[in-house]
1. Here's a check for you: in the stretch 214-224, which residue that is surrounded by fewer than 23 Cβ atoms within 10 Å (Cβ to Cβ) and outside any loop (DSSP other than H, G, I, E, B) is nearest to the chain's Cα centre (by Cα)?
2. Listed residues 122, 176; which is within 16 Å of ligand 2 (Cβ to nearest atom) and either within 20 Å of residue 32 (Cβ to Cβ) or of a type in the set (Lys, Arg) (or both)?
3. Against the condition part of a helix (DSSP H, G or I) and out of contact with any Leu (no Cβ under 6 Å at 6 or more places or on another chain), how does residue 195 come out, does it pass?
4. Which of the following residues is surrounded by fewer than 17 Cβ atoms within 10 Å (Cβ to Cβ) and part of a helix (DSSP H, G or I): 275, 256?
5. Based on what the data block shows, is residue 109 more than 30 Å from residue 231 (Cα to Cα), among the acidic types (Asp, Glu) and at pLDDT 95 or above?
6. Being among the polar types (S, T, N, Q) and out of contact with any helix residue (DSSP H, G or I) (no Cβ under 7 Å at 6 or more places or on another chain) is the requirement here; does residue 224 meet it?
7. Where in the stretch 1-119 are the strands (runs of 3 or more DSSP E), entirely inside, with at least 2 residues that are over 21 Å from residue 136 (Cβ atoms)?
8. Are there any pairs, at least 6 apart or on different chains, whose C-beta atoms fall under 6 Å, with the first in the stretch 187-200 and at positive phi and the second within 13 Å of ligand 2 (Cβ to nearest atom), and if so, which?
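The values are calculated or read from the model by the stated rules, or taken from the named source; none is laboratory data. Keep in mind that what you see is a predicted model, and the values were worked out from it rather than measured. Note: ideal-geometry Cβ built from the backbone for every residue, glycine included; neighbour counts use all protein chains shown.
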Amino acid sequence: MAITDIEVMQNYIRMCGDGWDQGWHERNGGNLTYRMRPEEVEQCRPYFKDSPGEWVEMGVQADNLRGEFFISTGSGKYFRNVPLAPQDNICIVEINAAGDAWRIVWGLEKGGCPTSEFPSHFLNHSVRKEATGGACRVIYHAHPANLIAMTYILPLTARDFTRALWKSATECPVVFPGGVGVVPWMVPGGRDIALATSERMKEYDAAVWAHHGLFASGPDFDTTFGLMHTIEKAAQIYILALSAGQGKILQTIEDDQLRAIAKDFGVTLREEFLD
Ligand code: 2HA
Ligand code: ZN
């Protein structure tokens, strides 16, 4: 028995491999964090280091994440390598009692620290935990090419992106009835982009980073991966249709058709995004 035989670790590792297989994680692109359930922490605790790492301040703070444990990809590590050598490419971090620092309790055996986007993940976990009554556990950042391409040709507003995506595939209004947020281009890795993203994540469960990628959130690995996958698939259809039609669209899903989907599937669309 090894820590990587524990179900939560297996599911986390599988998601990293799935993201690589989709082509969303060139080089060290993207990052994944999971807020562990207490029983998962107890399952993993026998494998924790005898002496954990030093506390490292994050530059951000969250009261509702004091004492939590997260699984995180490592900064500079490649998703491709996670299934091959999880112990060297991912880690488990503990958050301190003040909610403003982490320390490594397992993993990154050849050195390193959690993802460079840990401040963004951390604040997103905080606002999504609050917004979902504790249900949200996964924050996933990837670099899906078609969605990134859309950020060069559409106005960078939540309304424009949500409408374009909803109209690009019939399942979209059902999968993300609340729409997607948009963060303008910013320098990645720091406090400012973390704060800007978490502001969007108060309202949306996914946020586009202009010319960079997408943050998606959810209660479990399948739902979160599925949200990333659905958004990127819709973006691909949008780009394919515009490219094939040389910018001309002959027909699309009309607003009343979006309303009809919402009615039959029992979801509430963000009304201000409809005409
Ligand atoms: O981890 O994706 O945004 C590399 C990145 C930074
Ligand atoms: Zn990135």
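1. Our first condition is that a residue be surrounded by fewer than 23 Cβ atoms within 10 Å (Cβ to Cβ); within the stretch 214-224, this holds for 218-223.
Narrowing further to those that are outside any loop (DSSP other than H, G, I, E, B): 218, 221-223.
Details: 218: 8, 221: 10, 222: 12, 223: 11 Å.
Per the stated criteria, the residue is 218.
2. Working: 176 fails: within 16 Å of ligand 2 (Cβ to nearest atom).
Among 122, 176, only 122 is within 16 Å of ligand 2 (Cβ to nearest atom) and either within 20 Å of residue 32 (Cβ to Cβ) or of a type in the set (Lys, Arg) (or both).
3. On the way: part of a helix (DSSP H, G or I): yes; out of contact with any Leu (no Cβ under 6 Å at 6 or more places or on another chain): yes.
Yes; evaluated as a whole, the condition is true for this residue.
4. On the way: 275 fails: part of a helix (DSSP H, G or I).
Step by step, each of 275, 256 is checked, and only 256 is surrounded by fewer than 17 Cβ atoms within 10 Å (Cβ to Cβ) and part of a helix (DSSP H, G or I).
5. On the way: more than 30 Å from residue 231 (Cα to Cα): yes; among the acidic types (Asp, Glu): yes; at pLDDT 95 or above: yes.
It is true that residue 109 is more than 30 Å from residue 231 (Cα to Cα), among the acidic types (Asp, Glu) and at pLDDT 95 or above.
6. Yes: the conditions hold for residue 224.
7. Values: elements: 31-35, 69-73, 90-95, 101-107.
By residue number, 101-107.
8. Correct list of pairs: 189/116.
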